[in-house]
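The numbers here are math on the coordinates, done by the rules we state, and not lab data. Only a predicted model underlies this, so the values are computations on that prediction, with no experimental measurement involved. As a convention, Cβ positions derive from the backbone with ideal geometry for all residues, glycine included, and neighbour counts pool all protein chains shown.
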Amino acid sequence: MRKIMLSQAALPQAALAQTASMARHRPLAIAILGLAMLGLPAAGFAQDAKLYADAVNPDAGYLRVIMPGKSSAIVAGDSFSELDDGVSPYVMIDTPGTIAVSAGAAQGEAEVGKGSWNTYLITASGEGHMVTDPLTHSPAQADVTFYNISDLDDVDLYVPAAKRAAMTDIDTGTGEWIALKAPLSLEFQVRHGEDVLASVADVALVRREGTTLVFRGQSGRYELVALKAATKAN
């Protein structure tokens, strides 16, 4: 998912990238499945969600913005003021193409492809980076996306319960993705080498729902934020 510019012509390559990502993270997925079978806390089946199902238009593209902190944003003409967590909902782009993005003092353009889900990242330095989220929308899994908008490169997303890293060597301005069996509740840590820089506990993973993890901060002050992905209602 790192700095992928997805267009309609690139969809076969995106499918290959998604397969590669799934292969990279298969050991973690197996470990977490084992944890679920051992009875670790899980979100209730009644909470199974359908975040994407009602919103998905196969001919549209989707775009959101993630910023270092509380700010406002404009995505394809839709305004979002005072985003407390710095994350806008996905906006449906009926006519995919080059889309104008404004987040705080940063401005840029994002190339949104047909049927793609995309995130425009604003890093701690104020730079904008476009990534594509290869989401599965699976009825049996939860999509987990992790973004690094801090001032550090090469950070890892670690799952203490599984005793292994979910994602490794994530540079600033990039992200990664994994689909995990759900429902399940997990703690996630961000590590740089052996140092634990930030963590978030009791993250509920729900079927057909996206969980967004954002690592942000600079100069030794960092936090890991977890929230549910959302799509703007038309």
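So here's what we get for this one:
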{"quantity": "Rounded if a/c under 1.5, otherwise prolate or oblate - segment 89-234, Cα gyration tensor axes", "calculated": "oblate"}
{"quantity": "By average C-beta atoms within 10 angstrom, highest first, the peptides 176-182, 148-154, 60-66", "calculated": "60-66, 176-182, 148-154"}
{"quantity": "Phi-based couplings in Hz for segment 110-127 (Karplus 6.51, -1.76, 1.60; Gly and Pro marked x)", "calculated": "10, 8, 9, x, 4, x, 9, 10, 9, 10, 9, 9, 10, 7, 4, 7, x, 7"}
{"quantity": "Cα gyration tensor shape for segment 92-171, rounded if a/c is under 1.5, else prolate or oblate", "calculated": "oblate"}
{"quantity": "Pairs beyond 29 Å (Cα-Cα), from 70/181; 114/228; 163/232", "calculated": "70/181; 163/232"}
